[in-house]
Amino acid sequence: MSDSFYVPNLLQIGSTGRNSGKTTIAKQIIENEKKTHTIVALKIITISGKRGVCQRGAVGCGICTSISSGYELVKEQHTQGKKDTMQLLKAGAEKVYLLKAFEDHLQAGFLDFLKQIPADAMIVCESNSLRKYIRPGLFIMMDNQKKSVKPTAQAVYELSDEIFDSSMKTKEIGIKNTINGSFWEIKVPQKL
């Protein structure tokens, strides 16, 4: 794991499985911080395995088969729809991007993303794999799997700053930007 590239304004949200609440938490953070900070959101889909073949079998969403090499960075333009990127834009992010990347091009794709956004923007990112290459200001893991944890989550689980059970209500998790705007902090309610 490389910690050589530190991005203090990056809040990274990972998860142990699908439907863990990453986008729900990201939307809450964006809604809470959009009045005081420029927020940019990024959703990363890391493609592993054979190029041009769906990771989930013969039938899929088309993301894996739509690129054959490198990475593709797409800016979301719409707020009407069910895609996570649309929901993040609707929540109030100034810009939202989808980065589809083969793992060997993930860091290059992220560096390209950084060139597209204001230097002082606070970044809310959904990804497990990015943590292998970038050290964020804060990395949280949403844990909704007690038995079968995704391999991408297993690889970075121990690097998370905080692990949340996905059954927690979003209002129970307090994540905000610090006053100086250069990094993220977390305030978790004390357990009785």
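The values are calculated or read from the model by the stated rules, or taken from the named source; none is laboratory data. Note that this is a predicted model, so its numbers are computed, not measured. Methodologically, a virtual Cβ is constructed for each residue, glycine included, from the backbone with ideal geometry; neighbour enumeration extends over all protein chains shown.
Taken over the stretch 92-127, residues that are surrounded by 19 or more Cβ atoms within 10 Å (Cβ to Cβ), acidic (D, E) and over 25 Å from E31 (Cα atoms) amount to 0.
Can you spot a residue in the stretch 170-179 that is modelled with pLDDT of 60 or more, surrounded by fewer than 17 Cβ atoms within 10 Å (Cβ to Cβ) and on the phi < 0 side of the Ramachandran plot? Checked against the condition, which is being modelled with pLDDT of 60 or more, surrounded by fewer than 17 Cβ atoms within 10 Å (Cβ to Cβ) and on the phi < 0 side of the Ramachandran plot, the stretch 170-179 yields no hits at all. Take the conditions (1) in a strand (DSSP E or B); (2) modelled with pLDDT of 95 or more; (3) out of contact with any helix residue (DSSP H, G or I) (no Cβ under 6 Å at 6 or more places or on another chain); G137 misses just one of them, which is (2). For the stretch 138-146, indicate whether the set of residues that are over 16 Å from T24 (Cβ atoms), surrounded by 22 or more Cβ atoms within 10 Å (Cβ to Cβ) and within 14 Å of the chain's Cα centre (by Cα) is non-empty. Yes, there is a match, as at least one residue in the stretch 138-146 is over 16 Å from T24 (Cβ atoms), surrounded by 22 or more Cβ atoms within 10 Å (Cβ to Cβ) and within 14 Å of the chain's Cα centre (by Cα). Looking at L89, L42, L98, just one residue is at pLDDT 95 or above, over 20 Å from G137 (Cα atoms), assigned to a strand (DSSP E or B) and of a type outside the set (D, E, K, R), and that residue is L98.
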